[in-house]
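Here the structure comes first, spelled out in structure tokens, and everything after it is commentary.
Values quoted throughout were computed directly from the atomic coordinates according to the rules given, and no laboratory measurement underlies them. The shown structure was predicted, so the numbers you read here are calculated from the model rather than taken from an experiment. Ideal geometry is used to build each Cβ from the backbone, glycine not excepted, and the neighbour counts take in all protein chains shown.
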Amino acid sequence: MVKSILLAIDGSAYTEYVLQYGVHLAKTFQAHLKVLTVVDVRFFEWAIAIGVEGFAPVLPSATYQEESQKILEEKADRVLERASEMLKETGVMFSVEKESGSPVEVICEKVKVADLLVMGARGEFEKWSDKMLGATFESVSRLSIKPIFVVHKKFEPLTSLLLAYDGSENSNRALPWAGFWAERLNVPVTVLTVHDDPENARTIVEEAEDYLKAYSIPALTTLTKSGDAAETIVTTAQELNVQAVIMGSYGHSRIREAILGSTTVQVMRKSPVPVLMVK
């Protein structure tokens with residue numbers, strides 16, 4: 001199920017943790033790591049566009065454009081060089097690649113030939129993002145066709161998992177991933193269903209439990225709770241001290257997502273641990 005893992009890095013404070021989790025997962029699944037960094041051409045293309053169309057247009061010189069691209073290229077080279085140094089010491093199989101373009105478009109294209117994408121919750125402009133997800137990550141999370149493992153600035157080996165399950169079609173896609181990860185990592189899983197109707201909650205959580213019994217999981221427990229789904233998932237992850245949350249993507253309508261943010265987005269924003277979002 002997981003033989004190729006794409007690590008999208010940009011040299012930000014999250015890069016180290018993306019690499020650490022990538023190594024952890026590569027060793028667990030015997031997978032190949034594909035390390036990607038993107039030279040964001042929007043920086044100098046934006047400068048040109050503003051120069052031509054701005055209120056007080058000043059067209060950047062050719063020298064400015066060349067120097068800007070040179071700086072970004074050199075930065076990307078240093079990021080990949082440092083990543084290669086770290087990965088060589090781990091013994092995992094890996095390759096590195098530098099591409100130029102829009103990070104969102106490049107990452108979504110490259111992940112088509114990988115089984116899993118690992119990214120940081122925010123990028124190099126994180127100090128201006130507060131508790132919001134990075135713009136690149138949030139766009140990739142909506143457009144990518146593959147599961148995404150979003151990490152924070154902390155690494156912990158995955159020793160227990162929380163599966164958030166609501167019985168929806170998207171949530172159902174997370175079941176085999178939870179079973180596979182728990183079996184290969186040899187870690188316990190807690191299945192959580194958040195529903196205001198206790199009877200429906202029990203039916204939903206038992207559905208997940210019945211599915212996961214087919215996997216060789218050290219321990220399988222279930223929980224049902226009521227309340228706001230995102231808040232309850234985040235609180236439960238903290239209470240149980242799990243190392244990752246697994247869930248399906250975007251359970252609400254697109255209209256509600258635009259106004260409030262879906263349960264998945266809210267969990268990814270607030271979760272103290274990495275989240276595997278299955279699509």
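Each residue of segment 83-90 in turn: what ³J(HN,Hα) in whole Hz from Karplus with 6.51, -1.76, 1.60 and θ = phi - 60°, glycine and Pro shown as x?
4, 4, 4, 5, 6, 4, 6, 8
Using the Karplus curve 6.51 cos²θ - 1.76 cosθ + 1.60 with θ = phi - 60°, what ³J(HN,Hα) values do you get for each residue of segment 152-163, in whole Hz, with x for Gly and Pro?
10, 8, 6, 10, 9, x, 7, 10, 7, 10, 10, 9
Going Cα to Cα from LYS213, which aspartates and glutamates come in below 15 Å? Please leave out same-chain ones fewer than 8 positions away.
GLU183
Amide H of VAL96 versus every other amide H placed in the peptide plane: which residues, excluding those fewer than 5 positions away on the same chain, fall under 5 Å?
VAL35
Can you pull the one-decimal nm distance between simple spin-label points at LEU223 and ASP77, each 7 Å off the Cα toward Cβ?
5.0 nm
Karplus couplings for segment 207-221 from phi (6.51 cos²θ - 1.76 cosθ + 1.60, θ = phi - 60°), rounded to Hz, Gly and Pro as x?
These are the phi-based 3J(HN,Hα) values: 4, 5, 4, 4, 5, 6, 4, 6, 9, 7, 10, x, 8, 10, 10 Hz.
With charges set only on the Cβ (+1 for Lys and Arg, -1 for Asp and Glu), what does the dipole of segment 139-279 come to about its Cα centre, in debye to the nearest 20?
760 debye
Which pairs, out of LYS146/LYS279; LYS112/LYS279; LYS27/LYS153, put more than 18 Å between their alpha-carbon atoms?
From the list (LYS146/LYS279; LYS112/LYS279; LYS27/LYS153), the Cα-Cα distance tops 18 Å for LYS27/LYS153.
Distance in nm between label sites at SER216 and GLU231, each 7 Å beyond Cα in the beta-carbon direction?
Distance between the two pseudo-spin positions: 4.3 nm.
What is the gain in length, in nm to one decimal, between GLU169 and GLU239 on full extension, counting 0.36 nm per residue of separation less the C-alpha to C-alpha distance?
Stretched out fully, the GLU169 to GLU239 stretch lengthens by 22.5 nm.
Among the trypsin sites (Lys or Arg not before Pro) within segment 129-227, which fall in a DSSP loop and have no more than 15 other Cβ atoms within 10 Å of their own Cβ?
Here the trypsin sites (Lys or Arg not before Pro) that fit, given the DSSP loop and packing criteria, are LYS131, LYS153, LYS154, ARG173, LYS213.
Taking amide H positions as placed 1.01 Å from N in the peptide plane, with prolines and chain starts having none, which residues 5 or more places from GLY120, or on another chain, fall under 5 Å of its amide H?
Those lying under 5 Å, H to H, from GLY120 are VAL151.
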